[in-house]
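Q: Below is a structure I'd like to ask you about.
The values are calculated or read from the model by the stated rules, or taken from the named source; none is laboratory data. Source: prediction; values computed, not measured. Here the Cβ positions follow ideal geometry from the backbone for every residue, glycine too, while neighbour counts run over all protein chains shown. With ligands, DNA and RNA removed, areas are computed over all heavy atoms of the protein, side chains included. Shrake-Rupley method; radii C 1.70, N 1.55, O 1.52, S 1.80 Å.
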Amino acid sequence: MTETLTRPPVDTPPPPRPTKRRRRAVAEEPGKPWMIHVPLVLYLLFTLIPFYWMLVFAVRPSGSTQLVPWPISLEHFDTVWNDIGFGIFFYNSVVMGLGVLVFVTILSVMGGYALARFKFRGQRVFLLAMLCSQFIPGAMMLIPLFVIFKGLGLLNSLTGLIIAEVAFQLPLSLILMSGFIRNISVELEEAAMVDGCSRLRAFFAVVLPQLKPALVAVGSFAFIGAWNQFLFALMFATKQDKFTLPVGLSYTLGEFNTDFGALAAGGVVAAVPVVLVFAVVQRFLVQGLSAGAVKG
């Protein structure tokens, strides 16, 4: 009787786990392009079509119904700039935006440095109060600010508008700036002070050059927020020579009829500076916001 020898089963080794490079290549393999492109195209159309209509109404002659305006007419721009007074409104908005930009940037750098480098009693309570202030709607500040500005004689003045907007934007700017300064190594300042620099000189020589993205981010948001401010400008400025662009746009809406060509031309005048600001600073904007959002 012959014995049949059976070979013991050999466990097949498990397939090798994909390496990190393989996993990265798999993750980066392109899927179906339409799943990405179609939503992006739809979102782009949803965003750009209102701007296209505004531009069409602004540059086509009165009474025209052409979807592609030709010849282009600038009569609506002449109406809003000279007849309605958008030249004055534009000047007021520029002065207000630049004033808010300068004061918010300077104060946020000073306060952000103090919050990032010094420890003092009540610091956490102060940060919490600044954060909670962002949940207070601006409409709740109208009556107190109106009473204060009336007593100080700041109604119907660009100075009052700048003060109100700076107070409204400063808390968020302080939080962003302090977060960015925390990411700058304090050893660099200490090394500069060991070499003989005072704290102030070390700040200007070491910290300030590295704050460029944060300064651009804070300054951009301050300028755009002031440029688009409607509520404070409407309540604190009742004379036409103190109106800003958003308030001037609201006065193009008549009670019984509306000149849509003039309204669209005013919208173009108000939108172009904001678009240009974002186009110039967008590469610094993301870097400044992401750095300021990191907890140190």
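Q: Ordering C132, C197 by how much accessible area each has at a 1.4 Å probe, largest first, what is the list? Provide the component values of the computation, followed by the final result.
A: Details: C132 65, C197 35 Å².
Correct descending sequence by accessible area is C132, C197.
Q: Please list M141, M235, M35 in order of solvent-accessible area, largest first, computed with a 1.4 Å probe with all protein chains present. Please list the in-between numbers first.
A: Numbers: M141 50, M235 80, M35 115 Å².
Most to least solvent-accessible, the answer reads M35, M235, M141.
Q: Just to confirm the filter: which chymotrypsin sites (Phe, Trp or Tyr not before Pro) across the stretch 187-284 are DSSP coil and have at most 14 other Cβ within 10 angstrom of their Cβ?
A: Working: sites: F203, F204, F221, F223, W227, F230, F232, F236, F243, Y251, F256, F260, F278, F284; in loops: F230, F243, Y251, F256.
Sparse-neighbourhood loop chymotrypsin sites (Phe, Trp or Tyr not before Pro): F230, Y251, F256.
Q: On each of the three principal axes of the Cα atoms of the stretch 32-121, give max minus min coordinate, whole Å, ordered largest first.
A: Projected onto the principal axes, the Cα atoms of the stretch 32-121 cover 66, 54, 17 Å.
Q: Please list S198, S64 from largest to smallest accessible area, probe radius 1.4 Å, with all protein chains kept in place.
A: Details: S198 65, S64 30 Å².
Greatest to least solvent exposure: S198, S64.
Q: Right, here's the next one. Accessible area per residue of the stretch 85-252 at 1.4 Å probe, in Å²?
A: Values: 8590 Å² over 168 residues.
I get 51 Å² per residue for this part.
Q: What's the center-to-center distance, using Cα atoms, between the stretch 118-139 and the stretch 169-183 in Å?
A: Spelled out, the Cα-based centre of one part sits 12 Å from the other.
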